[in-house]
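Asker: Below is a structure I'd like to ask you about.
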Amino acid sequence: MKLPLQIGITGGIGSGKSLVCKIFNVLGVPTYDADSRAKNLMTTDGILVNQIKKEFGSLSYTSEGVLNREYLSASVFSKPDKLEKLNSFVHPRVAVDFKQWVEKQVGNKYVLKEAALLFESGSYRTLDKVILVTAPEAMRIKRVLARDKHRTQADVENIISNQLSEEQKEMKADYIIRNDESELILPQVLELHERFNSLN
Ligand code: ATP
């Protein structure tokens, strides 16, 4: 049986990519949330757990095997080489997990892989097409501050400064969904849905 087309969906923080994914999901499209799967695999994937313990120490996990996020965050905070190391462990394990997941989705025309850093991590190269969800920066900051009560404007600006610019992402994307509240999202999603269903 033929594997489904693998479509990436990305966008900066607060662009609305999760919201767009929910719409695709309602249309029956299977979606893989790479960021939440990565968090899960950091506790459940034996290979990854061992790599993290070896690099960052056994304190990275509690005696019950729960990931000690505070300890790990402190270990990589403001240390780009450590963060890069952690990502170099996580990304290949997510890639394996995604591949296994895709194999279970035969019978679907296409599936979506949602990740905030699809371009930055390089994992977009393994996908057939990539959708970028965009919105102006001020709007994204406003949305995130309304959604995440624990975050300050400086936190959000810091995250944005570590992501590729909208212009750089637009150049790499195959399709763009504008979620700037001047265009409706639903017709844009439906157009892509028809397009992907007619590809392959
Ligand atoms: P993150 O990278 O932080 O996961 P995201 O790109 O997945 O962000 P969402 O969580 O989908 O973004 O959207 C951010 C917030 O903005 C959510 O609370 C969402 O409901 C809201 N939002 C998104 N798009 C719109 C819109 N067009 N109109 C109103 N609110 C919106």
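Asker: Scanning for something outside any helix (DSSP H, G or I) and farther than 29 Å from Ser182 by Cα, does the range 31-54 turn up at least one residue?
Answerer: Yes, some residue in the range 31-54 is outside any helix (DSSP H, G or I) and farther than 29 Å from Ser182 by Cα.
Asker: Additional query: One residue is enough: does the range 164-171 have a residue meeting the conditions surrounded by 15 or more Cβ atoms within 10 Å (Cβ to Cβ) and at pLDDT below 95?
Answerer: yes
Asker: Could you please tell me which pairs satisfy a Cβ distance under 7 Å, a separation of 6+ or placement on different chains, a first residue in the range 4-17 that is touching a residue at least 40 places away in the same chain (Cβ under 8 Å), and a second residue that is among the charged types (D, E, K, R) and within 6 Å of the ligand (Cβ to nearest atom)?
Answerer: Ile9/Lys17; Thr10/Lys17; Gly11/Lys17; Gly14/Arg143
Asker: Right, next: Considering every residue within the range 2-20, establish whether at least one is hydrophobic (A, V, I, L, M, F, W, C), part of a helix (DSSP H, G or I) and within 23 Å of Ala173 (Cα to Cα).
Answerer: Taking the range 2-20 first, the residues hydrophobic (A, V, I, L, M, F, W, C) are 3, 5, 7, 9, 13, 19-20.
Applying the additional criterion that residues be part of a helix (DSSP H, G or I) yields 19-20.
Pick out the ones that are also within 23 Å of Ala173 (Cα to Cα) and you get 19-20.
Checking the range 2-20: at least one residue is hydrophobic (A, V, I, L, M, F, W, C), part of a helix (DSSP H, G or I) and within 23 Å of Ala173 (Cα to Cα).
Asker: What are the pairs with Cβ atoms under 9 angstrom where one residue, in the range 58-70, is within 13 Å of Leu48 (Cα to Cα) and the other, located anywhere, is part of a loop (DSSP other than H, G, I, E, B)? Sequence gap at least six, or different chains.
Answerer: Taking only residues 6 or more apart or on different chains, the pairs are Ser60/Asn68; Tyr61/Asn68.
Asker: In the range 53-102, what residues are crowded, with 16+ Cβ neighbours inside 10 Å, over 30 Å from Pro30 (Cα atoms) and of a type in the set (Val, Ile, Thr)?
Answerer: Passing the criteria: only Val76.
Asker: Within the group Ile23, Ile47, which residue is within 13 Å of the ligand (Cβ to nearest atom), aliphatic (A, V, I, L, M) and out of contact with any Ser or Thr (no Cβ under 7 Å at 6 or more places or on another chain)?
Answerer: Details: Ile47 fails: within 13 Å of the ligand (Cβ to nearest atom).
None of the others qualify; the one that does is Ile23.
Asker: Go through the range 179-189 residue by residue and tally those that are touching a residue at least 40 places away in the same chain (Cβ under 8 Å) and of a type outside the set (Asp, Glu).
Answerer: Final tally of qualifying residues: 4.
Asker: Given the structure, is Glu103 in contact (Cβ under 8 Å) with a residue 60 or more places away in the chain, away from the ligand (no atom under 16 Å from the Cβ) and of a type in the set (Asp, Glu)?
Answerer: Working: in contact (Cβ under 8 Å) with a residue 60 or more places away in the chain: yes; away from the ligand (no atom under 16 Å from the Cβ): yes; of a type in the set (Asp, Glu): yes.
Judged against the criteria, Glu103 is a match.
Asker: A further question follows. Identify all residues within the range 40-50 that are in contact (Cβ under 8 Å) with a residue 24 or more places away in the chain and either crowded, with 19+ Cβ neighbours inside 10 Å or within 20 Å of the chain's Cα centre (by Cα) (or both); write none if there are none.
Answerer: Within the range 40-50, Leu41, Met42, Thr43, Asp45, Leu48 qualify.
Asker: Out of Ala95, Ala74, I need the residue that is of a type in the set (Gly, Ala, Ser), touching a Ser or Thr at 6+ places or on another chain (Cβ under 7 Å), in a helix (DSSP H, G or I) and more than 16 Å from the ligand (Cβ to nearest atom). Which one?
Answerer: It is Ala95.
Asker: Looking only at the range 116-128, decide whether some residue is surrounded by fewer than 18 Cβ atoms within 10 Å (Cβ to Cβ), among the basic types (Lys, Arg) and over 17 Å from the mean Cα position of the chain (by Cα).
Answerer: Taking every residue of the range 116-128 in turn, none turns out to be surrounded by fewer than 18 Cβ atoms within 10 Å (Cβ to Cβ), among the basic types (Lys, Arg) and over 17 Å from the mean Cα position of the chain (by Cα).
Asker: Does the range 167-175 contain any residue that is under 14 Å from Gly14 (Cα atoms) and either of a type in the set (Val, Ile, Thr) or out of contact with any helix residue (DSSP H, G or I) (no Cβ under 6 Å at 6 or more places or on another chain) (or both)?
Answerer: No, there is no match, as no residue in the range 167-175 is under 14 Å from Gly14 (Cα atoms) and either of a type in the set (Val, Ile, Thr) or out of contact with any helix residue (DSSP H, G or I) (no Cβ under 6 Å at 6 or more places or on another chain) (or both).
The values are calculated or read from the model by the stated rules, or taken from the named source; none is laboratory data. As the structure is a prediction and not an experimental result, all values here were calculated from the model. Using ideal geometry, Cβ is built from the backbone for each residue, glycine included, and neighbour counts are taken over all protein chains shown.
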